[in-house]
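Asker: Provided herewith is a single structure, encoded as structure tokens, for subsequent inquiry.
The values are calculated or read from the model by the stated rules, or taken from the named source; none is laboratory data. Since the model is a prediction, treat every value here as computed from it, not as a measurement. Positions of Cβ are generated from backbone atoms using ideal geometry, with glycine treated the same way; all protein chains shown enter the neighbour counts. Keep in mind that these areas ignore ligands, DNA and RNA; they rest on the heavy atoms of the full protein, side chains included. Shrake-Rupley method; radii C 1.70, N 1.55, O 1.52, S 1.80 Å.
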Amino acid sequence: MSESDNQQTKYNPQLLETKWQGFWDKEQIFRATPSPDKEKYYVLVMFPYPSGRIHMGHVRNYAIGDVVARYQRLQNKNVLNPIGWDAFGMPAENAAIQKKSHPAKWTYDNIDAMRSELKTMGLSYDWKREFATCDPDYAHWEQDLFLKLYDKNLVYRKKALVNWDPVDNTVLANEQVIDGKGWRSGAAVVRKELSQWFFKITDYADELLTGLEKLEGWPETVKTMQTNWIGKSHGVEFEFKITGHKEAFAKEPTAEDTTMGVYTTRPDTIMGVTFCSVAAEHPLAKLTAQHNSEAQAFIQSCQSTGTSEEALEKLEKKGFDTGLKAIHPFTGEKIPVFIANFVLMSYGTGAVMAVPAHDQRDFEFAKTYNIPIKVVIQNDGEALDSQTMTEAYTGPGKLINSAEFNDLDNENAKKIIAEAFDKKGIGKATINYRLRDWGISRQRYWGNPIPMINCEKCGVVPVPVEQLPVTLPDDVELTGAQNPLVIHPTWKLCNCPKCGGAAHRETDTMDTFMESSWYFLRYCSPDEQNAPLNTKEVNHWMPVDQYVGGIEHAVLHLLYARFFHKALRDIGEVDCDEPFINLLTQGMVRKDTINCPTHGWLYPNEADEIDGKFKCVKCGEVATVGRNEKMSKSKNNVIDPNDLIAGYGADTARLFMLFAAPPDQDLEWNESGVDGAWRFLNRLWRLLVDIQERYNGAKPATTTPKNSALKELRGKVHETIERVTRDMERKQYNTGISAVMEMINAGGKLLAAGEVTKDQEAGGVLMELAHVAVVLLNPYTPHITEELWQMLGHEEHLGLAKWPKVDPEALVKDEITVVVQINGKLRSRLTVPANISKEDLEKAAMGDEKIVANLANVTVRKVIVIPGRLVNIVAN
RNA sequence: GCGGGUGUGGUGGAAUUGGUAGACACGCCAGACUUAGGAUCUGGUGGCGUAAGCUGUGGAAGUUCGAGUCUUCUCACCCGCACCA
């Protein structure tokens with residue numbers, strides 16, 4: 001063989017990956033158009049925020065999505081596999097402030113950079129459908145949808161308590177508040193009441209909950225998280241009459257001051273109520289504050305309390321006696337009303353009936369303020385003493401000290417007492433949700449403007465649809481101190497569409513979760529110019545058959561998107577009830593962190609490994625290995641995907657990602673694992689080149705030869721088809737790959753043995769193996785398989801091939817190995833004909849010399865024969 | 001506190017769902033070969049033992065002819081939510 005031939009037959013990923021990416025691009029191989037002949041399949045990966053560079057999390061996410069897409073294509077489905085950019089958001093503004101440029105320029109530059117990075121991965125996207133959510137077009141139709149939902153009464157404005165950062169002058173989302181401080185400014189966040197726009201997600205609370213039951217293709221964990229987040233509870237809502245205004249404030253009450261609504265899930269404990277508590281923001285608390293400066297001070301101290309976990313855990317139960325009295329609806333007893341720092345205004349009515357004997361918080365509170373504790377539930381034969389008990393009893397039991405309700409089982413009592421409330425006309429059974437309406441107002445520049453106008457005369461007026469889109473002004477100076485839309489000299493000035501008078505625009509922009517709530521719909525008809533969606537095309541492609549993304553979006557994005565989809569269904573934009581049929585949440589990519597005492601967190605290439613210990617390359621000191629954590633810039637434990645792809649090629653990068661762990665599990669980064677993937681692809685390459693050279697022109701076998709080695713190998717090939725297909729369906733890609741590895745190893749072994757190489761039948765079986773290997777591996781490693789397919793003599797590209805079918809005849813075995821156990825312990829193995837009868841198998845086992853020896857001094861009690869598997873002899 | 005999950009060799013991970021524990025890969029050991037390559041090939045590799053064998057899936061008990069798999073208890077770690085009345 002000449003020098004140049006040798007060069008050609010060497011696996012060169014850089015060369016052939018460029019070649020095939022160019023081919024796919026030029027021939028528009030992955031362009032998706034609706035087709036009546038083929039079943040549609042919509043695969044979707046969560047679109048990236050254009051931060052500037054792709055990271056390993058992206059590589060994993062998109063590699064998984066691409067396996068699904070390519071596998072479904074080989075199954076002859078019409079696959080839609082789109083990609084785009086989640087392009088609004090705060091990082092663009094922060095970068096713009098730092099670099100004194102414009103968020104749009106920063107964002108589009110990043111998109112260009114990341115697009116070319118993604119293209120080196122060889123992903124089978126329909127790039128013609130690509131868009132960025134900050135494109136005027138997308139923003140336009142989002143505003144249009146906002147107004148349509150406003151017309152449907154699903155959008156409203158109200159005053160709400162928000163996390164306010166007093167330094168940055170903006171509202172912060174809950175997740176942007178870290179330990180009670182603004183994530184950027186570090187200033188203590190205060191709670192402030194502001195006018196905010198809301199989506200009525202609570203209208204859909206019940207459907208969002210019940211809909212989860214039908215989502216069989218979703219991980220249980222995600223469904224549980226959403227269930228908890230929605231937080232449905234059954235209880236009773238009723239009113240206390242309030243008195244004592246004269247005694248407390250020397251003032252007559254107004255009508256609304258004389259009642260107080262409460263919500264309880266424990267109506268069975270009604271007779272144990274010994275006080276009430278209200279939130280600091282409750283009207284009765286405000287009323288008290290008007291007359292009492294101490295109450296005012298107490299309320300203020302409640303509002304400055306941090307919202308972090310830690311702060312809450314340490315927080316003492318504190319209260320302030322309003323002096324007002326609530327009248328117990330059943331006993332008529334007058335009980336005190338406290339303002340309490342642990343009562344939430346945002347849940348239920350902001351006021352609670354307190355039962356210290358049966359609620360731990362109330363118990364602690366009662367102990368602090370010397371309030372009586374009244375036991376009303378206890379187990380039979382177990383007496384609870386309010387004087388000596390050290391914690392609330394929250395378990396089940398029978399009612400005591402409860403007048404007419406005594407001796408009722410407490411679960412039963414919940415119903416009976418709820419009915420009693422209803423009969424008295426003072427309360428009713430209610431369902432409550434933890435879920436709150438979705439506040440979408442953000443005091444930020446780089447977001448989609450809320451298309452509303454405030455007119456002094458007419459109030460809130462929607463921007464007329466023909467005036468859409470409301471676009472962001474370009475001439476702004478970003479300082480981070482204030483929303484540039486507010487301080488812009490002219491942008492917010494406009495005329496009221498109703499009265500024509502001077503008015504001003506809403507200066508808040510939408511939460512960026514808005515964009516991700518309908519991008520999967522827009523992908524179906526990205527070029528539609530006259531409406532947000534082309535419903536015919538949307539209904540062709542929707543719902544998404546397989547969604548792939550990070551578990552971190554389990555609640556927020558996936559709940560918002562489900563809600564928004566249902567809202568759009570109700571205004572006729574789409575037919576299906578749920579947007580995502582199957583959900584795969586991939587695990588994180590993790591790596592050890594390395595810390596140098598003087599230089600802090602080190603990048604992997606800043607530490608030399610010597611005998612398992614690390615030394616800092618800058619100072620030579622011994623660096624310590626920290627926790628194995630999610631790859632993150634802050635810990636420097638990152639590997640740049642570009643380096644990996646440039647060095648080994650995209651196929652190796654993809655193969656490693658998919659082989660190292662099942663998709664839903666965390667994946668530990670390990671350099672030698674990459675080498676393993678690389679070596680396998682080289683082995684594959686060499687084997688197939690070898691087969692092609694030896695058997696050039698041979699047709700892949702369609703029947704099984706008699707030769708036992710070839711028969712066995714062909715059995716292996718078809719067993720591999722079976723295994724890989726099953727693993728594709730259950731999305732366990734690591735085991736699917738290992739099955740192909742086994743097949744390649746078996747093929748290599750047979751060739752190396754040399755016995756059958758000249759055999760014509762051998763050519764058929766090995767050629768079949770080569771073809772099967774290429775097709776089975778194509779979803780994982782598309783470039784090398786395309787090249788090998790061509791080398792095997794195909795003129796049509798691999799995308800037009802079909803997923804191989806199992807030949808049942810090939811799986812039939814002449815002989816099988818059966819295990820013989822004595823008392824469950826492995827004692828011998830037998831090679832027997834595959835079709836052996838139960839009786840003959842038992843006979844063979846009992847006659848085996850190892851078994852005979854083992855049974856010498858014992859009596860056989862029972863023999864269990866499982867055909868095809870084992871014989872277990874029970875003896876003693 | 002509530003909810004969910006995971007515990008298997010030196011490492012990542014398999015195990016057709018109750019039937020040979022450790023597939024495949026990394027690493028390691030021994031050897032071969034060479035165009036010294038990111039090599040490649042062959043053999044070995046859970047632990048103890050020279051061996052026959054014993055033992056082994058976080059721990060304890062149970063069901064079963066048979067348990068990594070089912071049941072109960074328990075320990076450890078991870079994730080989510082968290083004063084939700």
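Asker: Could you please state, rounded to a whole Å, how far the C-alpha centre of region A:660-708 is from the C-alpha centre of region A:209-279?
Answerer: 62 Å
Asker: Compute the accessible area per residue over chain A, keeping the other protein chains in place, probe 1.4 Å, unit Å².
Answerer: Per residue, chain A has 46 Å² of solvent-accessible surface.
Asker: Okay, next question. Rule-of-thumb check for region A:207-356: C-alpha Rg over 2.2 N^0.38 Å?
Answerer: The reported ratio for this selection is 1.25.
Asker: A follow-up question, please. With viscosity set to 1.002 mPa s at 20 °C, what whole-number translational diffusion coefficient in µm²/s follows for region A:63-106 from Stokes-Einstein and a Kirkwood radius over Cα pairs?
Answerer: 162 µm²/s
Asker: Angle, helix A:671-695 long axis vs. longest principal axis of chain A, Cα atoms, 0 to 90°, nearest 10?
Answerer: Roughly 40 degrees between the two axes.
Asker: Can I ask one more? To the nearest 10 degrees, how steeply does helix A:90-99 sit against the main Cα axis of chain A, on a 0 to 90 scale?
Answerer: Long axis of A:90-99 versus the principal axis of chain A: about 90 degrees.
Asker: Taking the Cα of residue A:875, stepping 7 Å toward and past its beta carbon, and measuring to each backbone N in region A:851-869: which are under 20 Å?
Answerer: A:851-867, A:869
Asker: Rounded, prolate or oblate: which fits region A:660-729, taking a ≥ b ≥ c as square roots of the Cα gyration tensor eigenvalues, rounded meaning a/c under 1.5, else prolate when a/b beats b/c?
Answerer: Cα axes put region A:660-729 in the oblate bin.
Asker: Contact order normalised by length for chain A, with contacts defined as Cα pairs under 8 Å and 6 or more residues apart; what percent is it?
Answerer: Result for chain A is 13 percent.
Asker: Let's test this: bin the Cα-Cα distances of region A:487-532 at 5 Å from zero up to the farthest pair and state each bin's percent.
Answerer: Answer for region A:487-532: a P(r) of 5, 16, 14, 12, 14, 17, 16, 6, 0 percent.
Asker: On to the next question. Give me the Å³ per residue figure for the convex hull around the C-alpha atoms of region A:398-481.
Answerer: 273 Å³
Asker: Mind checking the full-extension length gain between residue A:664 and residue A:370? Use 0.36 nm per residue of separation minus the Cα-Cα distance, one decimal, nm.
Answerer: 100.6 nm
Asker: Here's something else I'd like to know. Taking square-rooted eigenvalues a ≥ b ≥ c of the alpha carbon gyration tensor, is region A:316-426 rounded, prolate or oblate, where a/c under 1.5 means rounded and, failing that, a/b exceeding b/c means prolate?
Answerer: Oblate is the answer for region A:316-426, as a/c is 1.5 or above yet b/c matches or exceeds a/b.
Asker: Applying 1/(1 + (r/R0)^6) with R0 = 25 Å to the Cβ-Cβ distance of residue A:843 and residue A:823, what FRET efficiency is obtained, to the nearest 0.05?
Answerer: My answer for the efficiency is 0.80.
Asker: When the solvent-accessible surface of protein heavy atoms is calculated with a 1.4 angstrom probe, in what order do A:456, A:768 fall, highest first?
Answerer: A:456, A:768
Asker: Using alpha carbons only, how many degrees (0 to 90, rounded to 10) separate the axis of helix A:733-753 from the longest principal axis of chain A?
Answerer: The helix A:733-753 is inclined about 10 degrees to chain A.
Asker: Only helical DSSP H runs with n ≥ 4 go in: add -39500 (n - 2.57) per run for chain A, normalise by residue count and round the 222 nm mean residue ellipticity to 500 deg cm²/dmol.
Answerer: -11500 deg cm²/dmol
Asker: Oh, and also: Arrange the peptides A:323-329, A:728-734 so that the one whose residues have, on average, the most other Cβ atoms within 10 Å appears first.
Answerer: Ranked by mean Cβ neighbours within 10 Å, highest first: A:323-329, A:728-734.
Asker: Calculated FRET efficiency, residue A:247 and residue A:382, Cβ-Cβ r, R0 41 Å, to nearest 0.05?
Answerer: With R0 = 41 Å, the Cβ-Cβ based efficiency is 0.50.
Asker: Counting each pair of different Cα atoms once, what's the Kirkwood radius of region A:1-89 in Å, rounded to one decimal?
Answerer: It works out to 15.9 Å.
Asker: Exceeding 29 Å between C-alpha atoms, which entries from my cross-link table qualify? They are A:731/A:805; A:374/A:415; A:159/A:414; A:158/A:428; A:38/A:805; A:158/A:423.
Answerer: From the list (A:731/A:805; A:374/A:415; A:159/A:414; A:158/A:428; A:38/A:805; A:158/A:423), the Cα-Cα distance tops 29 Å for A:159/A:414; A:158/A:423.
Asker: Please work out the Cα convex hull volume for chain A and give it in Å³ per residue.
Answerer: 274 Å³
Asker: Another question about this same structure. Give A:749/A:813; A:200/A:424; A:591/A:615; A:192/A:498 a once-over and call out the pairs whose C-alpha atoms are over 22 Å from each other.
Answerer: A:200/A:424; A:192/A:498
Asker: Would you please calculate the Kirkwood hydrodynamic radius of region A:454-554 over all C-alpha pairs and express it in Å, rounded to one decimal?
Answerer: Kirkwood hydrodynamic radius for region A:454-554: 17.1 Å.
Asker: Now a separate question. Would you mind estimating how fast region A:747-851 diffuses translationally, via Stokes-Einstein at 25 °C and 0.890 mPa s with the Kirkwood radius over Cα pairs, in µm²/s?
Answerer: 139 µm²/s
Asker: Using just the alpha carbons, could you tell me how many Å³ per residue the convex hull of region A:668-810 encloses?
Answerer: Enclosed volume per residue, from the Cα hull, is 107 Å³.
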